[in-house]
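Some notes on the structure that comes next.
Just so you know, all these numbers are worked out from the coordinates, no wet-lab data involved. Bear in mind the structure is a predicted one, so any value in this text is a computation, not a measurement. Neighbour counts run over all protein chains shown; Cβ positions are idealised from the backbone, glycine included.
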Amino acid sequence: MLGTSMALVDARGRQQWARELTEEFPGLEIAGLPTPRQEFVEVVRHCSRIEDGLERLAEVTEFLAPALSSRLRPLLDEWYATGLYDGRDWTALRSGLEFTLPELPSLVAEVSGDRVRMPSYCHTAWHAFVHLAGHNAPVGGLEPSMVLLEHLMLRTEAAGIVGEIRAWNDHFAGVWERKAGRTGLDALRERLAAERRPPGGDLGPTGFGPSGEQPAPQGELSGMADPVERPEGTDQQVPVIRMFIKIAPDLRPSDRETARQGRREARYRISSRVRYAESARLHHEDCDPEDAVPRSRLPVAMAELLSTTAELWQSRDENVVLEFFLPAELLTEPVEWWNRDPQLSHSNPLLSKYPWIFAHSLERMQRRDLHHAWRRRWARWKGDPGGGRIHWCDPGGRPAAEHLELLDAKIGKEEGVVCMVLSDSPRTRNALGLRELRLGLDHGVPVMIFEREHAAPDAFRSMVKELLADEGLANLPDRARQWKGDAAAGSALHGTGPHDKAVLKNLGVVWDDPQQLLDGDACAPAAFVGGTD
């Protein structure tokens, strides 16, 4: 940071800085060092060994280079915070706290017992946290920075790192023996939960329900918040293990012998990451297939991957969510109906064990030029849940080019369209359904519904209309899950006819929520599949 200031990099400015420092720190010797960087390193090393040395260094530096103050002070806070919170990586915590709150100054005053005022250089929750880390706790009480984290955990902005915050505070409260007692961490959580519990409410002891996850905000569109974390029959959310699975085309040249024999089956690379309830990080469990997998063997490779990964979860009891990121040619694959164990003589689909399975467009995730339109259309829907519209693609006998031209104009004009029901299966290259899908991606339409195999269009349209009849699009993932589960179990479905299982197997849904898939920096699924820098 010192090296970014022209006032200090300039030879004469640095000489003045050195004179001021030698007066402030007798015994400091920096004359004769050949480069500015070596001087900076020596000065910081010397000052860090002296009590209040870095604080005094900052004051001298700010006198000669005032522009550095707003960057130097947060860095100084972080330096001191590493001394308090030693031995634990804070990468995920820092990423999750990079948000602002209008009430942050009053919150800092509250958690510090009105002893600390938030400095002007503190702009984010992270800045406030590390600044408070430099202030002592009251006798027998919790560190004010820990208390701040507990308060921040109640804010929707921190919903994505609730598990990380809880794990962080639990760790240091245990190390410092501050969990139990009237002023301990457990008592603070009980008090905060009691303050926010509605009359007659049934929140868990921490105010988040049994998982430590926040309840969905009142009035929020069902399906905007993660529907997976809200089991049937309860308003509480439960923790889940999320497994993100990318199946991407293998772009390496084909094997010579295979090509010579004319068997040029497409091959794919399978990779995965796992996010656990207590951490925002994406964990690489190193269970992925080493070699590319032929398309015909994808279900077998997926079964082997899940079996291996499940061994790592032997001591856990959370629900598991599978999220597939698929190229366009694989979006028609019935992944939820793939067998868990292909060696068995009977059908044993993934959805029987993993009822929550989502399919996402890998192309949309990886093409950053599509993200703006996608975010804009989703934000419009979230701001007006009742305004989301569904467009049924219908060529009406027109030539494909004319149909697509009209469709492009209509979707572009109507920003309230958040779902397209394709007129054809996107299974084959250059098929009309695939071209409609790509048009929808270009316009940012977040939800796509299509028939995987164009076999029974009338029955398919009837089923989709019934799926969307009651609560509309917002409840689509939940209702489709229930119907497919009933079909797999052999239950009769009212109104879907005698061939409901066959029709349901043909139901393809792409449900892409940009807030869940793109946001979170290095912890976002987009970082794993290649959708961020």
Inset, instruction - Counting other beta carbons within 10 Å of each Cβ, put Leu54, Leu101 in order, fewest first. - result: Leu101, Leu54
Inset, instruction - Could you tell me which of Gly485, Asn169, Leu406 has its Cα farthest along the dipole of the chain towards the positive end, charges placed at Cβ (Lys, Arg +1; Asp, Glu -1), taken about the Cα centre? - result: Leu406
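I want the antiparallel fraction of DSSP beta bridges within the chain, as a percent rounded to 5.
Here the share of antiparallel DSSP bridges comes out near 45 percent.
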Legend entry - Local electrostatic count, Leu33, Cβ distance below 10 Å [Lys/Arg +1, Asp/Glu -1]: -2
Legend entry - Rg over Rh, two decimals, the range 131-172 (C-alpha only, Kirkwood Rh): 1.00
Legend entry - the range 353-432: GluC sites (Glu not before Pro) falling in loop per DSSP and having at most 15 other Cβ within 10 Å: Glu414
Legend entry - Cα-based helix-to-principal-axis angle, 162-175 vs the chain, degrees rounded to 10: 40
Legend entry - Contact order relative to length of the range 2-64, as percent, for alpha carbon pairs under 8 angstrom and 6 or more apart: 34
Inset, instruction - Can you pull a Stokes-Einstein diffusion coefficient for the chain at 4 °C (1.567 mPa s), Rh from Kirkwood over Cα pairs, as a whole number of µm²/s? - result: 48
Legend entry - About the Cα centre, charge dipole magnitude for the range 110-164 (Lys/Arg +1, Asp/Glu -1 at Cβ), debye: 140
Legend entry - Three-way shape call for the range 87-196 based on the alpha-carbon gyration tensor, with the a/c threshold at 1.5: rounded
Legend entry - Tilt relative to the chain, helix 11-24 - C-alpha long axis, 0 to 90 degrees, to 10: 60
Inset, instruction - Any chance you could tell me what percent of the C-alpha pair distances in the range 2-64 go past 15 Å? - result: 43
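Among the listed pairs Lys410/Lys501; Lys353/Lys382; Lys410/Lys484; Lys413/Lys465, which have their C-alpha atoms separated by more than 28 angstrom in this model?
Lys410/Lys501; Lys353/Lys382; Lys410/Lys484
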Legend entry - Charge dipole (debye, nearest 20) of the chain; +1 at Cβ of Lys and Arg, -1 at Cβ of Asp and Glu: 1180
Inset, instruction - Determine the calculated [θ] at 222 nm for the chain from helices alone, applying -39500 (n - 2.57) to every DSSP H run no shorter than 4 residues and normalising by the residue count; nearest 500 deg cm²/dmol. - result: -12000 deg cm²/dmol
Inset, instruction - Can you grab the distance from the C-alpha centre of the range 23-61 to the C-alpha centre of the range 420-436, Å, no decimals? - result: 66
Inset, instruction - Count charges around Glu24 for me, please; just the other residues with Cβ under 13 Å from its Cβ, Lys/Arg as +1, Asp/Glu as -1. - result: -4
